[in-house]
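Here's the structure we're looking at; comments come further down.
The values are calculated or read from the model by the stated rules, or taken from the named source; none is laboratory data. Just so we're clear, the structure is a prediction, and the values are computed from it rather than from any experiment. When we count neighbours, we look across all protein chains shown, and the Cβ atoms used for this are built from the backbone with ideal geometry, even at glycine.
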Amino acid sequence: MEQNHVAHTDHFDPVASKLGMWLFIFTEILLFGGLFIVYSVYRYKHPVEFHLAAEELDVTIGLINTVILLISSMTVAMSITALQLGNKKLTLILLGTTGLLALIFLVNKYFEWGAKIHHDIYPGSEFLLSLSKGDMLFFGLYFFMTGLHALHIIAGLALLGVAFFKVKNGSVNKDRISLLENGGLYWHLVDLIWIFLFPLFYLIH
Amino acid sequence: MTGNSSTHRLPSYLEYQGKYTGIRAWILSTDHKRIALLYLYSQIFFFLAGLVMGLFMKLELIAPGQQIMGPQAYNALFTVHGLTMIFLFIIPGLAASFGNFMIPIMIGAKDVAFPKLNLFSWYLFIAGAVIILVGIFSGDGPPDTGWTFYAPYSLKTNTNVVLSVFGAFVLGFSSILTGLNFIVTIHRMRAPGMGFFRMPLFIWSLYGTAWIQLLATPVVGITFLMVVADRMLDIGFFDPAKGGDPVLYQHLFWIYSHPAVYIMILPAMGAITEIIVTFSRRTVFGYKAIAMSSLAIAFVGYLVWGHHMFTSGMSETARLVFSFLTFLVAIPSAIKVFNWTATMYKGSISLEPPFWWAMAFIFIFMIGGLTGLILGSVSTDVHVHDTMFVVAHFHYIVFGGAGIAFFAALHYWYPKMFGKMYNKKIANWGLIGLFVGFNTTYLPMFFLGFMGMPRRYYDYLPQFADLNLLSTVGSWIMASSLILVIVNLLRAKKGTPEEMDDPWGGRTLEWTIESPPSLENFEEIPVIDREPYELKSK
């Protein structure tokens, strides 16, 4: 069917795909919005426990990850500009850098979680169940929200990976840049959510 | 408009031979019309499954005491009946089937903005349905929480809640992507000359619906994921023993699930508008008021979720504000009903089956709407909360409203979709049977609820016996009429192009093309130079 209807499925409207991406980003914000509501309610109910539990988190590793994501947002934005200027090689290098930074973020996350689990702090652990309700909720939210964010990093990584190969084989190019632009938009969203997660868990004392 | 001689007609979307043959020509097709039929068939399948479960529940309630099942089976049955009917039939509702079919045609486009995403949404829908089905037939038995999955019971029960909740999450994702697709389609694909205020009103209602799908569904999505996490990872978001707050679950659940009622009813209202305008042979009364009331319902409907929780523990202020906002929704809903009536006034009404179905919709929907005010007002709600009254109100709105509108739309667009006409006399008799059966089933429930019969029990006190018996008999009339209606549709006969292209004298774009439409709907994209319901000068 598609063969006979190239015009039908190959209908290409960059404005439409960008509009679609923005709408999808709304839904992602609302998805995390539900979690932010839950966080606010429980922080309001257990201010002292949240305060003390937050001091258990490692600000340094959180800060490093924040910087990594900010730089990766910059590199992805630069890769879009590079492709707009027709510099395919630079686009690929910058996209590769973005992917590498995302991987470093995940590795850091792995060690951070690993240390927590090593200290017997994870949902349902005997140690955590012996702590106060506020502690349980704080660490429950910590694992759930950073975990969901990490899943989004992986999804963004996959999307940028597709963009990488499509730039490489030329199907995403200067004149058909939507996929890369949308990948970049999504990546900024993932970055932005972290910008909120970082102070909520690591900085507010 | 179109070449009437059949020699010039392109093969229809039903006959079209593409790259694939057999079933793959359907499940791999990105044509919005084929996807619409995939939805339609799956939805009707789930509807019939839910209907059978409903019949078993009514049979259990035919007399006091245990008849055919015990309490646990009854709990599971009303849960699965709710899951099936709500998540698999009426939330996709008219939008997924008729919306998919009609949006591109009514705005003069060849397809939706993202055809592949459209097909992907249907796959997600089926995946969600399969996950729920697996949840029903595996593990420690079907869920028994009610379709609302209220915590903390949904965290404590031993039944298979996780799969059902996760299935509902996947279905939500499908709904989001459909809404997204529709919004972009309506913004970007309208034919030249079709401004926003030249769109048919069905499209306006779907536009409002799509925004609700997009903005409300993620909230319940994350809530369902939190329930899954509570059960599998032992986090305790909603478990009071671990500091969680079950009332917070109710808030998050209803932030979506109240607007979801408008996901069900808005497209229904849109389809009813189309039918009334066509058969009144007049232009619509108050076009802009109807269009804006769709958006108003979508917007205000977002802010009224608290009326499900008047007895759950909320401040007095919150209850009054939610009650007030609930009453506000009555205004745009009434605007629609008044405008439908005004459209019929001095019209040259043609009494075809779809019109009768629309009349049945208005009658039943009004009873549903007015009893909604009793539930929306705090003092009376406390009296009838969690009784059969709520069940009756809900079915008047969702089955009598959205469900009947679904069949009204099916009768209205059937010739367009299939190029076939059903037996009109039988369609009318089916409707009469359904109308009588419906009211016999659900009207007694209002009285039962007022007398104090609680919902969700397999047994009841002897003083409720007579009305329950009446209700059960009604369910038989209703079910047999539905079977009559469906068989009648299946036995529809092929008509000539002259008869089928525009059997009702419709004025929106779908009636200017062939029945059934060709693959790309329009040989040439039309240029719109008139108002949507202007009468044709024949």
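Hey, could you check region B:409-428 for residues that are among the hydrophobic types (A, V, I, L, M, F, W, C) and within 23 Å of B:GLY368 (Cα to Cα) and say which is surrounded by the most Cβ atoms within 10 Å (Cβ to Cβ)?
Going through region B:409-428, the residues among the hydrophobic types (A, V, I, L, M, F, W, C) turn out to be B:409-410, B:413, B:417-418, B:421, B:426-427.
Of the ones still in play, those that are also within 23 Å of B:GLY368 (Cα to Cα) are B:409-410.
Details: B:ALA409: 28, B:LEU410: 22.
The qualifying residue surrounded by the most Cβ atoms within 10 Å (Cβ to Cβ) is B:ALA409.
If B:ILE276 satisfies all but one of (1) of a type in the set (Val, Ile, Thr); (2) more than 21 Å from B:GLU531 (Cα to Cα); (3) under 24 Å from the mean Cα position of the chain (by Cα), what's the number of the condition it fails?
Looking at each condition in turn, B:ILE276 falls short on (2).
Out of the residues in region A:121-141 meeting the condition of being crowded, with 18+ Cβ neighbours inside 10 Å and of a type in the set (Gly, Ala, Ser), tell me which one is farthest from B:ARG231 (Cα to Cα).
So the first thing to find is which residues in region A:121-141 are crowded, with 18+ Cβ neighbours inside 10 Å, and the list is A:121-123, A:128, A:133-141.
Restricting the remaining residues to those that are of a type in the set (Gly, Ala, Ser) gives A:134, A:140.
Details: A:GLY134: 19, A:GLY140: 12 Å.
Among them, the one singled out is A:GLY134.
Tell me yes or no: at least one residue of region B:480-500 is within 14 Å of chain A (Cβ to nearest Cβ) and not in a helix (DSSP H, G or I).
Just the residues of region B:480-500 that are within 14 Å of chain A (Cβ to nearest Cβ), to begin with: none.
There is no residue in region B:480-500 that is within 14 Å of chain A (Cβ to nearest Cβ) and not in a helix (DSSP H, G or I).
Could you tell me whether B:PHE253 is within 14 Å of chain A (Cβ to nearest Cβ) and outside any helix (DSSP H, G or I)?
Values: within 14 Å of chain A (Cβ to nearest Cβ): yes; outside any helix (DSSP H, G or I): no.
So B:PHE253 fails the test.
What is the one condition in (1) more than 14 Å from chain A (Cβ to nearest Cβ); (2) more than 23 Å from B:ILE222 (Cβ to Cβ); (3) crowded, with 22+ Cβ neighbours inside 10 Å that B:PRO115 does not satisfy?
Evaluating B:PRO115 over (1) more than 14 Å from chain A (Cβ to nearest Cβ); (2) more than 23 Å from B:ILE222 (Cβ to Cβ); (3) crowded, with 22+ Cβ neighbours inside 10 Å leaves (1) as the failure.
Give me a count of the residues in region B:227-250 that are within 12 Å of B:LEU155 (Cβ to Cβ), of a type in the set (A, V, I, L, M, F, W, C) and at the interface with chain A (Cβ under 7 Å from one of its Cβ atoms). Talk me through it step by step, then tell me what you get.
If we filter region B:227-250 for residues that are within 12 Å of B:LEU155 (Cβ to Cβ), which is where we start, we get B:227-242, B:244, B:246, B:249.
Imposing the further condition that a residue be of a type in the set (A, V, I, L, M, F, W, C) reduces the set to B:227-229, B:232-233, B:235, B:237-238, B:241.
With the extra rule that they be at the interface with chain A (Cβ under 7 Å from one of its Cβ atoms), the set shrinks to B:229, B:233, B:235, B:237.
Matching residues across region B:227-250 total 4.
Helices (runs of 4 or more DSSP H) wholly in region B:28-147 with at least 2 residues that are within 22 Å of B:GLY179 (Cα to Cα) - which ones?
Values: elements: B:32-60, B:71-82, B:100-106, B:115-137.
Here the list reads B:32-60, B:100-106, B:115-137.
Hey, among the residues in region A:37-54 that are facing chain B (nearest Cβ under 10 Å), touching a Phe, Trp or Tyr at 6+ places or on another chain (Cβ under 8 Å) and part of a helix (DSSP H, G or I), which one's surrounded by the fewest Cβ atoms within 10 Å (Cβ to Cβ)? Can you show your working first?
Initial filter on region A:37-54 (facing chain B (nearest Cβ under 10 Å)): A:37-38, A:41-42, A:45-46, A:49.
Adding the requirement that they be touching a Phe, Trp or Tyr at 6+ places or on another chain (Cβ under 8 Å) leaves A:38, A:42, A:46, A:49.
This time we only want the ones that are part of a helix (DSSP H, G or I), so: A:38, A:42, A:49.
Numbers: A:VAL38: 26, A:TYR42: 24, A:GLU49: 20.
Going through the qualifying residues, I end up with A:GLU49.
Conditions (1) more than 21 Å from B:PHE87 (Cα to Cα); (2) under 23 Å from the mean Cα position of the chain (by Cα), marked per residue:
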site	(1), (2)
B:LYS110	yes, no
B:LEU119	no, yes
B:ASP140	yes, no
B:THR159	no, no
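Being over 15 Å from the mean Cα position of the chain (by Cα), under 28 Å from B:MET189 (Cα atoms) and at the interface with chain B (Cβ under 7 Å from one of its Cβ atoms) is the filter here; which residues of region A:20-36 pass it?
Matches in region A:20-36: A:GLY20, A:LEU23.
Please work out which one of (1) loosely packed, with under 15 Cβ neighbours inside 10 Å; (2) over 20 Å from the mean Cα position of the chain (by Cα) is the condition B:LEU370 fails and give its number.
Unmet condition: (2).
Got a number for residues in region B:174-201 being more than 10 Å from chain A (Cβ to nearest Cβ) and more than 22 Å from the chain's Cα centre (by Cα)?
9
Looking only at region B:222-245, count every residue that is at pLDDT below 95, assigned to a helix (DSSP H, G or I) and not hydrophobic (A, V, I, L, M, F, W, C) and tell me the total.
4
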